[in-house]
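> Take this structure first; my questions come after.
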Amino acid sequence: MRIIFIGTPDFALPGLELLAAATAEVAAVITRPDRPAGRGRQATPSPVKVRGRELGLKILAPPDPAAPEVLAAIREIAPDLFVVSAYGRFIPSALLELAPRGGINLHPSLLPRYRGAAPIQWALINGEQKTKISIISVARRMDAGDIWGQKTVAIDPDDNAETLSRRLAREGGILLAEVVGEIERGEISPRPQDENLVTLAPRLTKEDGRIDWNLPAVELANRIRGLYPWPGSFTTLAGPGNRTLKILIAEPDAAAGGRPGEILRAGGEELLVAAGEGALKICRLQLEGKRPLGAGEFLRGRSLRAGEVLGGD
């Protein structure tokens, strides 16, 4: 079975590598065009493009995957199936129609829950204790395709979006290779999603990272986990310029008393801030323009006092 793999970031690499090592033939890779990156804004290839070259695969990185010259190149390759993992844009019908088996997509969520661009982040924000990898048919509606396979993955208490994404990428790559093999052998049929159970995981913005100290401490801790490393969770530190303070790691604490955002304790290794319910123990943080520090090291370099309030204008 001839496959064209479609993907862009690091998340897609385990699937590409496992499929390239399996019995199916990866006839080509489609990825996003090179993008400016770094201080010099140099054109930088996607991780999938780099790894595809290392594997000796044919690479296509078109600005428009539905352009006539792209479709002509795909017709010449004559794929049986498209396999999609984190491509980052809509897959046009004109492309999918060139493979008799259509396309399948790896989606890291509890489908039909968490359809959308940020399923890993929203699972953490909502305090889920487990999630899933889902392999679905590529459909016109976002993440609404029939399910070919799913695997449950536990969410560890100290997971953030970065660590959970790495684990889901590994598990997803394994499941993707298994499902492709089962499709090739005719051993599997898809099942429809239950539309009554659909929830959404919308794309995040920078402003989503602004900490609302009125929320319960448990919710704040989950948001910090889900929003790391991007867009990150931030508040403002009282003083000249109201400098931005990023909260990198935090834990809920049962301590009470004080208005939301008020520093309850700031000494030794402890920085405790009141929330709408309970308090937030800040373990690691970063002042604007400075390096990340543990709470104790941060407090030894800056004077913070109980009674000060974070997040003021």
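The values are calculated or read from the model by the stated rules, or taken from the named source; none is laboratory data. Bear in mind that the values here come from a model prediction, so they are computed numbers and not experimental data. Here the Cβ is made from the backbone with ideal geometry for all residues, glycine too, and neighbour counts use every protein chain on show.
Residue-wise test of (1) touching a Leu at 6+ places or on another chain (Cβ under 7 Å); (2) within 18 Å of A217 (Cβ to Cβ).
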| residue | (1), (2) |
| --- | --- |
| E251 | no, yes |
| L264 | yes, yes |
| E270 | no, yes |
| A274 | yes, yes |
| K281 | yes, yes |
| L285 | yes, yes |
| F298 | yes, no |
| R302 | no, no |
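> Determine which member of the set E162, E182 is more than 13 Å from the chain's Cα centre (by Cα), not in a strand (DSSP E or B) and not assigned by TED's automatic domain parsing to the domain that holds W230.
Exactly one residue qualifies, and that residue is E182.
> Got a sec? Which strands (runs of 3 or more DSSP E) wholly within segment 257-313 have at least 2 residues that are in the same structural domain as L245 (by TED's automatic domain parsing), closer than 18 Å to G232 by Cα and within 29 Å of the chain's Cα centre (by Cα)?
Passing ranges, in order: 279-287.
> Restricting to segment 218-244, count the residues that are within 14 Å of L310 (Cβ to Cβ) and within 23 Å of the chain's Cα centre (by Cα).
Adding up the residues that qualify gives 5.
Condition check ((1) closer than 26 Å to I224 by Cα; (2) surrounded by 14 or more Cβ atoms within 10 Å (Cβ to Cβ); (3) of a type in the set (S, T, Y)) across all residues:
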{"site": "T152", "(1), (2), (3)": "yes, no, yes"}
{"site": "R170", "(1), (2), (3)": "yes, yes, no"}
{"site": "L176", "(1), (2), (3)": "no, yes, no"}
{"site": "V180", "(1), (2), (3)": "no, yes, no"}
{"site": "R185", "(1), (2), (3)": "no, no, no"}
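> Scan segment 128-140 and tell me whether some residue there is among the hydrophobic types (A, V, I, L, M, F, W, C) and either touching a Phe, Trp or Tyr at 6+ places or on another chain (Cβ under 6 Å) or outside the structural domain of F90 (by TED's automatic domain parsing) (or both).
Scanning segment 128-140 turns up at least one residue that is among the hydrophobic types (A, V, I, L, M, F, W, C) and either touching a Phe, Trp or Tyr at 6+ places or on another chain (Cβ under 6 Å) or outside the structural domain of F90 (by TED's automatic domain parsing) (or both).
> Name the one entry in G232, G239, G209 that is surrounded by fewer than 22 Cβ atoms within 10 Å (Cβ to Cβ) and either within 22 Å of R115 (Cβ to Cβ) or at pLDDT below 95 (or both).
Exactly one of G232, G239, G209 is surrounded by fewer than 22 Cβ atoms within 10 Å (Cβ to Cβ) and either within 22 Å of R115 (Cβ to Cβ) or at pLDDT below 95 (or both), namely G239.
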